[in-house]
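K.L.:
Submitted below is the structure of interest, expressed as structure tokens.
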Amino acid sequence: MTDSEKLDLLLTKVQGMETEMQGMKKKLDKLSLGQLEIRKEIIMLNRKISDTYDVALDALGTSAENREWLEKGTLA
């Protein structure tokens, strides 16, 4: 094998590695975007959970107040 053929073989391998690296970079970029979307969704879910918890606490407090008023006969 001549030096020129060896260099051509090395060049082909390097080009293949560069192509593979570019593909990996694209996949990493997609993963990063996916992580950002997941983070946004987690934040939205946390807000919904907090809102639901607040509504449940309000409902519990209201039902306790209503029960107290009914027991005392102050409603009506």
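The values are calculated or read from the model by the stated rules, or taken from the named source; none is laboratory data. For clarity, every value in this text was computed on a predicted model and none was experimentally measured. Note that each Cβ is placed from the backbone with ideal geometry, even for glycine, and that neighbours are counted across all protein chains shown.
K.L.:
Hey, any hits in segment 59-69 for a residue that's of a type in the set (Asp, Glu), in a helix (DSSP H, G or I) and under 27 Å from the mean Cα position of the chain (by Cα)?
P.N.:
no
K.L.:
Can I ask one more? When both residues are 6+ apart or on different chains and their Cβ atoms are under 9 Å apart, which pairs have a first residue that lies in segment 11-26 and is loosely packed, with under 10 Cβ neighbours inside 10 Å, and a second that is at pLDDT below 95 and not acidic (Asp, Glu)?
P.N.:
From residues that are loosely packed, with under 10 Cβ neighbours inside 10 Å, there are no pairs.
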